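Below is one structure, written out as structure tokens; comments come after it.
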Amino acid sequence: MVELHGVDARMIANNLTPFEPTHPGELLKDELESRNITQARFAAQIGVKPSLLNEIIKGKRGVNTEMALILEAALGIPAEMWLGLQSDYNMQVAKSDRSFMDRLAKIRNVAAAL
């Protein structure tokens, strides 16, 4: 790993990743709670099945473009923020997968030889 002034680059605050990535569903849950809106009521208001909303809140399903736009319309929180949170979550999950990172390292080695 590259060092900057004797400090491992992974230990610089801007390079740290959370131990457990935060799924956007966690933030959605907090938002609904702060507004005193139940999941069932919110699901009915936005026209989705309660089970779909619950899967997002529990982190079992991601926030796609359509859902991000629905959340923006319902909560006033920009769709780009929801998509950015989902993208960050996906990236953190992928980077924490050792076998996938090993695969990427092998690909980089092959690509460097080209």
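For segment 78-88, which positions are surrounded by fewer than 16 Cβ atoms within 10 Å (Cβ to Cβ) and closer than 27 Å to T38 by Cβ?
The answer is P78, E80, M81, G84.
Cβ-Cβ distance below 9 Å, separation of 6 or more or different chains: which pairs start in segment 89-102 with a residue that is more than 20 Å from V63 (Cβ to Cβ) and open to solvent by less than 80 Å² (accessible area, probe 1.4 Å) and end on one that is assigned to a loop (DSSP other than H, G, I, E, B) and of a type outside the set (A, V, I, L, M)?
none
If you check Q45 against the conditions, is it open to solvent by 70 Å² or more (accessible area, probe 1.4 Å), more than 13 Å from G25 (Cα to Cα) and in contact (Cβ under 8 Å) with a residue 24 or more places away in the chain?
Taking the combined requirement at face value, the residue satisfies it.
Note down all Cβ pairs under 7 Å where the first residue falls in segment 50-68 and is within 21 Å of Q92 (Cα to Cα), the second is part of a loop (DSSP other than H, G, I, E, B) and open to solvent by less than 70 Å² (accessible area, probe 1.4 Å), and they're at least six residues apart or on different chains.
Close Cβ pairs satisfying both conditions: I56/V63; G59/H23.
Could you say which residue among E66, E31 is open to solvent by 80 Å² or more (accessible area, probe 1.4 Å) and charged (D, E, K, R)?
E66
The values are calculated or read from the model by the stated rules, or taken from the named source; none is laboratory data. These numbers come from a predicted model, not from an experiment. Quick reminder, even Gly has a Cβ in these numbers, built from the backbone with ideal geometry, and neighbours come from all protein chains shown. Surface accessibility is based on the protein's heavy atoms, side chains included, excluding ligands, DNA and RNA. Shrake-Rupley method; radii C 1.70, N 1.55, O 1.52, S 1.80 Å.
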